[in-house]
Every structure is written in C-alpha cells, then in structure tokens.
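Encoded as structure tokens, the structure appears first; notes follow it.
The values are calculated or read from the model by the stated rules, or taken from the named source; none is laboratory data. Here the structure is a predicted model, which means the values were calculated and not measured. Cβ: placed from backbone, ideal geometry, glycine included. Neighbour counts: every protein chain shown.
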Amino acid sequence: MQKNDIFTAACVGYTSEGAGVCRIDGRAVFVPQLIEGESAEIRILKVSNTAVYGKIERLLTASPERTEPDCPVYGKCGGCAVRHMSYREELRFKRQKVQNCLTRIGGGDIEADDIIGAGSVDGYRNKTIFTVGEGGVTGFYRARTHDLVPAPECRIESDYARRVAGAVRKYMRDFSVPAFSEMTGTGVRRIMARCGFKSREGQAVIVTGKGSLKSADKLIEYIRSAAPETVSIMRNVNDRAGDTVLSFDYERLWGRESISDTLCDLSFDLSAGAFYQVNRDQAERLYGKALEYAALTGSETVLDLYCGTGTITLCLAKKAKRAIGCEIVEAAIENARKNAVSNGITNAEFICADAEKCADELLRSGLRPDVVCVDPPRKGLSPEVPGIISKMAPERVVYVSCDPATLARDLKCFASLGYKTEKATPVDMFPRTAHVETACLLSRQ
C-alpha cells in the first residue's frame, strides 16, 4: 500500500474523531467524511507504521444518513467534524464512541444509556474565541495546524459573537490596527464573545499584545453599535509566544467586568476568565442527570472536585446538607463564592487548591462525604485522586466527563478500588463536532 494507490472499500465504523474506518489489505484506513455502510473508491494519502489515511476519490454507495454540509469551510476549519451526516447518525456515532471506550478501555460490561440529544444543532455556543489574522481576518485554525481558515459566519456560534467579530474587523480596517505579531508583541490577537442565553447580556474581550490600544473609544463605539446587548468590554493583554489563548492580565475598557446568566434556576456571575458550559440548554440536562445520580435527600455531605465556578456544587447544595467545591483557578473560586451569596446558598463552601491536594487534606481532616462528584478536564483525574476518594468511602461517585477515553481509564481504576460503574449516560453538548460528554454513576461495593 503506497501513497496515491486507489482501492474500493466499505466503511465499517468510525474513529473517535468521526472519520470512517475501512479495512484494506488487513489494515485500517481512516477516511474523513465517510459514513458507516458506504462504499467508495479511496485514494491513499499517507502510510505509516501505525496508521493509514485516505480520502474519498469517488463515492459508490451513499448512506441514507448522508447530508449536504451546510458550511462553506466544513472540512477545512478544525471545528465541526460530522456535518456530512444526519443528526440521528451523529448521535449513534457518539453513543457508540462512549460504548467502545467503556468496553475496550474500561474493560467493563456496562451498557451506555441512550444519548441525550440537543434541541438545536446550530447557534448553541454562548462563547466563541476567534483568532485574528493578517488584514483583520477572523476564523479558526485548520485541524492540527496553525493555518488560519477565515470563517466570518460559523454556524454553531451565536449571532452575538458574529456581530462582535464584525465590529472588531471594521475597527481594525478603519483605524489600520494590525493583527498580532510575535516579532513586535503588539496587535490584535483574538476576539472572545460571550453572551448569556437567558439574561441576554453580552461581553466582548479583545486579546492584544502589549502597548496602548489605538482609538479604544472607537472600538467601544463599534462594538456597542453592532451589539447593543453588550454590558462588558474587556481587554486581555497576552504578548507571550506560542498559542496560549488568554493571559490573566485583564483590563476593563467599558461597562462591567462580568455578565450574568441563569442555569438550573441559579444565577451566575461570569468574569471574562470564568469557565461556563458553552451549551446552556444541554448543560442543564447534563447537570440534571448528575443530580439524579447523586440521589440526594437533604442529609448528605457532598464533595465536588474540579468545580469551576461552582455550577454543579450549587446545584448539589440545593439538595444536600453540605456541599464543598474545590478548584485550582482562583478567579473561578471567587466567582463561585459570589454565586453562592447571590443565590442565597449558605451550605456551600469553596476551596482554592489542586484536586489531589484538596481531597487529601479533607481526608486527613476526617471528612467522609456521602457523595463525591468529579468533573475533570479532558486529561481526566490526576492519578492519585481515585485512591484518595476511595479512602473517603463515599456511597456514590458521580463522574462527569468530557472525554470518553480518559473516563474509561478512570472507571477501570475505580473498579480496582471497589467502585462499580452502575450507569453511563452520554450527553451531546457539542452538536456537529466529534465531542461528547458523559455522566456516570459509581457505587461502593
């Protein structure tokens, strides 16, 4: 098998990124935008010792689940991965992705529940970060590269983000403001737009290099004119080399320093650097499933590790006797404490510390929570965390995951420590991408 060879093959499954998998001469060949059950002539693009990649040369048999991609840059930017398939097929792929990880990596016999699909597959992102290129072009990087793909109208972003980006592009053109250069450390680097889908409040963050911001009053004027719902305009100064998205250096240009939104009947104050689920409606469904699995009666003590701005912690606190949230990002903890006060919740407390250190210190202090909830980043739990949790001996562990592979790895670890995975429910938080979240219930044996 060599580059540019052409083979006829059928698609028998999907990769974790949604590409089709074909079997040719005993090897797996990964083919983007090929749907399971389809057959095609495949041109080989790359052959290595570990993988073979190809592309569709000619589609021979089309699946009834195939749809015409409705985005001009689909397949070029690194965002959406499954716009060529129906939403029904996308949900099937994502549930199977979770199931494969639970079985093959986790080694368990748990059967994933039906996936919870989204009510809308477009315009669901309440936060978008655009990269700014030469000439004030805005867009997103091509997958696994730093090649900027112009995307003035991304279908999964909010209308608010689209208008803010347009205003900044106009400002850069009208006042000859350059894009960021690592050589000079100056210029506009990124645009972040966030809006509260319930509150309808908007926040624009302009990420720039060092130095003064040229005609800042005009930038403010342009943004407020294009997006009148804006209540906060911030500047983030990031002149570091590399691809760090945001620094911790914020400056208020106009309005407030944060916006508010409502989630699970709780109000949240969101600073520019605060974490908040980008799909509000699906976040409510995900957190609802986590609360169901926690099975609280009002008498329990609950520990929430990787708590962010306290969204899950405060939801748990409403149904528990005591809730403790732990997060390493200081700004997020400050937001969480403010959110507790603003919602009148007095039985929640927040600790700023690494999850492992926090859990270990609470264990040493004698804390024995009834339920532990974890919502780690994509890399999953720190290696020591499952062991510390098992020593606390909670009756139930609720694991909220954004990566099925690391979830399955951690569930296998919990199994060795006496915790059985009882339920797993995938939730589609990011329609048209390959990502999927999962809520799991583990019980102490």
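Annotations
- Selected residue (only one of 66, 43, 83 is among the basic types (Lys, Arg), in contact with a Phe, Trp or Tyr (Cβ under 7 Å, 6 or more places away or on another chain) and under 22 Å from residue 143 (Cβ atoms)): 83
- Any hit, the range 341-348, residues being in contact with a strand residue (DSSP E or B) (Cβ under 7 Å, 6 or more places away or on another chain), over 25 Å from residue 115 (Cα atoms) and modelled with pLDDT under 95: yes
- Contact map, the range 345-369: residues that are assigned by TED's automatic domain parsing to the domain that holds residue 312 paired with residues that are loosely packed, with under 14 Cβ neighbours inside 10 Å and at pLDDT below 95, Cβ distance under 8 Å, separation 6+ or inter-chain. Pairs shown: 352/330.
- Top-ranked residue in the range 71-91 [being over 20 Å from the mean Cα position of the chain (by Cα) and in a helix (DSSP H, G or I); ranked as nearest to residue 147 (Cα to Cα)]: 89
- Residue within the range 397-413 that is outside any helix (DSSP H, G or I), free of Cβ contacts under 8 Å to residues at least 24 places away in the same chain and assigned by TED's automatic domain parsing to the domain that holds residue 301 present: no
- Positions within the range 128-139 being assigned to a strand (DSSP E or B) and either more than 21 Å from the chain's Cα centre (by Cα) or surrounded by 21 or more Cβ atoms within 10 Å (Cβ to Cβ) (or both), in sequence order: 128, 130, 131, 132, 138, 139
- The range 201-213 residues that are in contact (Cβ under 8 Å) with a residue 24 or more places away in the chain and part of a loop (DSSP other than H, G, I, E, B), paired with ones that are buried (at least 22 other Cβ atoms within 10 Å of the Cβ) and hydroxyl-bearing (Ser, Thr, Tyr) (beta carbon under 9 Å, 6 or more apart): 201/230
- Test: residue in the range 359-366 that is among the charged types (D, E, K, R) and crowded, with 24+ Cβ neighbours inside 10 Å: no
- Whichever residue in the range 41-55 is touching a residue at least 12 places away in the same chain (Cβ under 8 Å) and farther than 15 Å from residue 14 by Cα and, among such residues, is surrounded by the most Cβ atoms within 10 Å (Cβ to Cβ): 42
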